[in-house]
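The values are calculated or read from the model by the stated rules, or taken from the named source; none is laboratory data. This structure is a prediction, so every number in the text was calculated from the model and none was measured. Cβ placement follows ideal geometry from the backbone for every residue including glycine, while neighbour counts extend to all protein chains displayed.
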Amino acid sequence: MAGWVRSLEPSVPGAGDPQSGLSPRGRFLLPSHFWEDHELRRSVRDSTATTLPRLPGAIHQPRVTVQEDTDREALIRHLSVGESHPRSSDGFIVVSKWAGCVIEVGRDRFWASLVDVVGRDDQELEGEFPMEEVSDPDIGLVCEGAEFYWAVGYRIQASGQRSRESLLRFRRLPAWSSEEVERALERANLLTAEYGGNRAVSKA
Amino acid sequence: MSRPDPRDVEVSVFGPGFGECVLVHLGGGDWMVVDSCVAPDGQPAALSYLKSIGVDPSCVRVILASHFHKDHIAGMERLVSTCSTARFYCSAALSFPDAQALIALYGGDPPRVAGAREFSRVLKVLDDAGRAPNWVNANQAIFRRSPTSDAPACSVTSLSPSPEAVDHAVRVMASKIPTNGEPRRPLVWREPNVNAIALWVRVGALSILLGGDLEESSDAFGWTAVVKSPVREPGRAHVFKIPHHGSQDAHADGVWDEMLVPGPVGVMSSFHNGSHHLPTPAMCRRIRALTSDAYSTQPGDWRPPKAHGLPTAVERTARDAGIQLRERFGKVGHVRARCRTLAGAERSWEVALQHGASRL
């Protein structure tokens, strides 16, 4: 189980399969180190508010604190669907999570397409993000076509304090290898010959 | 909407949803799809429209990808697999191994390029079915039909890309093939779109100019090369699919002066991506000065609607952080121009507007 973001309670039926990496809805879960190996904790609003009483009928009964600006009905809605919110080993309950791809970079903001990877929403979104939402180590990765993950959720501290967080992390990719490039060129030459092309290509 | 008569020629432009699509009834029950536009339900707009008017996908004779920007090719795999008897056409530049290598490199694992990924899927669909792509150069016959008892003769001919444009595109693609140890970065194509396919469609005495996204560049590339070509199809078009969403970079006076009838029916699709929204008010003014009969699939100031139904935590986080969330796919507007082709019939085009499409 370790190493993967998992559902809140392993005992919940259909809580996900860490072997296959599939969530109960058949979507891929993220490796937990995705959340653990970076320091991107933006839009964090420390909780200063009250502890809620346990909710009758809710599958999970975490002790939580809520922000002052969180209305009670909204919180109850979140908790009542808590079983479908995966929680990482460091106490982060994901409310929504998207795979993003940058489509444009401006001076102080960037635009990206967003695909829901939790599986609650089929609609693809377009987000306009202030550049200050990106952590310093990732700034150099922000370019057209760059991929990232964006998650919004609640972090529950050991003390039970609850805070809302937005996590944004850009994907780091390995350098091209000569094997990859050679394989692509071989395939290209084969296809071109099949299509009746007239010259081969090679790369030093 | 009703199904066109075999004697009717019909031009439909769909967009934006995600992309742009032109669907042409060539008369005689023959159809051609140029590019693809995906609706919010994930379906190519052309297929949904054909189904709505009771036309079987087997009536699609030609599917043509004018170029490989993702807003013109999204959904192409579904089109090609559904219209299993159609011939597939794309730029000759993609027949070169440099292009195929880029598709192999960027069509699968990250960093992915949407156009490369879709095209690699199209190639697989074609290969699995024993079909092959057809490569297009300028002044090439795409479709021909002799006159029948109920439909006039028809021809579809490519106007671009010129040999120089193909050569230029291949050189650029070759320069983008990575080398060993090179950082794996997304492939970005910023070069002017001089490799797009523009088409001349003739059905009986009617002509249509489909501009794709072809931009203006130089005497050898783009629209000036088309206008000056000594072997291009003669005549003037009655309907013009305005290229590149009305952008100035795709405007050439020679097209309006030498290739179109005065005051043609002009149709274009709107475009939204990040901070870019086309056509701009200035573009609309320029086009209105050229023809009073111009239409767009959505108004010029159109934007996708704000995202709805998000969890409260997301809405509040976005609000607090200054993040704006919109739907990626807007609704698909539809401009349809239809005309009867019988000899002696008055050549008046009936234009129908649906789902937000409007006159400029």
| message | So, in segment B:209-239, how many residues would count as being over 18 Å from residue B:291 (Cβ atoms) and among the basic types (Lys, Arg)? | response | 2
| Evaluation of residue B:179 against (1) of a type in the set (Ser, Thr, Tyr); (2) crowded, with 18+ Cβ neighbours inside 10 Å; (3) in a loop (DSSP other than H, G, I, E, B) (one fails), failing number | (2)
| said: Residue under question is residue B:257, and the condition is that it be in contact with an Asp or Glu (Cβ under 9 Å, 6 or more places away or on another chain) and either more than 26 Å from residue B:350 (Cβ to Cβ) or in contact (Cβ under 8 Å) with a residue 60 or more places away in the chain (or both); does it hold? | reply: no
| remark: For residue B:69, the lone unmet condition from (1) modelled with pLDDT of 90 or more; (2) under 30 Å from residue A:146 (Cα atoms); (3) out of contact with any Leu (no Cβ under 6 Å at 6 or more places or on another chain) is (1)
| task | Filter segment B:116-143 down to residues that are among the hydrophobic types (A, V, I, L, M, F, W, C), more than 12 Å from every other protein chain (Cβ to nearest Cβ) and under 20 Å from the mean Cα position of the chain (by Cα), then give me how many there are. | result | 6
| task | Report yes if residue B:171 is basic (Lys, Arg) and in contact with a strand residue (DSSP E or B) (Cβ under 7 Å, 6 or more places away or on another chain), otherwise no. | result | no
| remark: Condition set small (Gly, Ala, Ser), on the phi < 0 side of the Ramachandran plot and touching a Gly at 6+ places or on another chain (Cβ under 8 Å), scope segment A:107-157, selection farthest from the other protein chains (Cβ to nearest Cβ): answer is A:112
| message | Tell me yes or no: at least one residue of segment B:255-271 is more than 30 Å from residue B:229 (Cα to Cα), assigned to a loop (DSSP other than H, G, I, E, B) and not acidic (Asp, Glu). | response | no
| Restricting attention to segment B:141-157, does a residue exist that is touching a helix residue (DSSP H, G or I) at 6+ places or on another chain (Cβ under 6 Å) and either polar (S, T, N, Q) or farther than 19 Å from residue B:31 by Cα (or both)? | no
| Hits in segment B:278-304 (condition: small (Gly, Ala, Ser) and surrounded by fewer than 21 Cβ atoms within 10 Å (Cβ to Cβ)) | B:282, B:289, B:292, B:300
| task | May I ask you to verify whether residue B:307 is more than 7 Å from every other protein chain (Cβ to nearest Cβ) and either touching a Leu at 6+ places or on another chain (Cβ under 8 Å) or among the β-branched types (Val, Ile, Thr) (or both)? | result | no
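For every residue, the table says whether it meets (1) within 13 Å of chain A (Cβ to nearest Cβ); (2) farther than 30 Å from residue A:186 by Cβ; (3) surrounded by 24 or more Cβ atoms within 10 Å (Cβ to Cβ).
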position: B:17; (1), (2), (3): yes, yes, yes
position: B:30; (1), (2), (3): no, yes, no
position: B:33; (1), (2), (3): no, yes, yes
position: B:44; (1), (2), (3): no, yes, yes
position: B:47; (1), (2), (3): no, yes, no
position: B:53; (1), (2), (3): no, yes, no
position: B:57; (1), (2), (3): no, yes, no
position: B:62; (1), (2), (3): no, yes, no
position: B:73; (1), (2), (3): no, no, yes
| request: Determine if segment B:345-356 includes at least one residue that is farther than 30 Å from residue B:149 by Cβ, assigned to a strand (DSSP E or B), within 14 Å of chain A (Cβ to nearest Cβ) and not acidic (Asp, Glu). | output: no
| For the subset of segment B:188-217 comprising residues that are of a type outside the set (A, V, I, L, M, F, W, C) and assigned to a strand (DSSP E or B), which member is farthest from the other protein chains (Cβ to nearest Cβ)? | B:207
| query | Taking segment B:236-261 only, how many residues are under 21 Å from residue B:34 (Cα atoms) and aromatic (Phe, Trp, Tyr)? | reply | 1
| query | Is it the case that residue B:95 is more than 17 Å from the chain's Cα centre (by Cα), on the phi < 0 side of the Ramachandran plot and buried (at least 17 other Cβ atoms within 10 Å of the Cβ)? | reply | yes
| note | By my count, strands (runs of 3 or more DSSP E) wholly in segment B:1-112 with at least 1 residues that are small (Gly, Ala, Ser) and more than 22 Å from residue B:150 (Cα to Cα) are B:8-16, B:87-91
| field | Failed item, numbered, when residue B:89 is tested on (1) hydroxyl-bearing (Ser, Thr, Tyr); (2) farther than 28 Å from residue B:174 by Cα; (3) within 14 Å of chain A (Cβ to nearest Cβ) | value | (2)
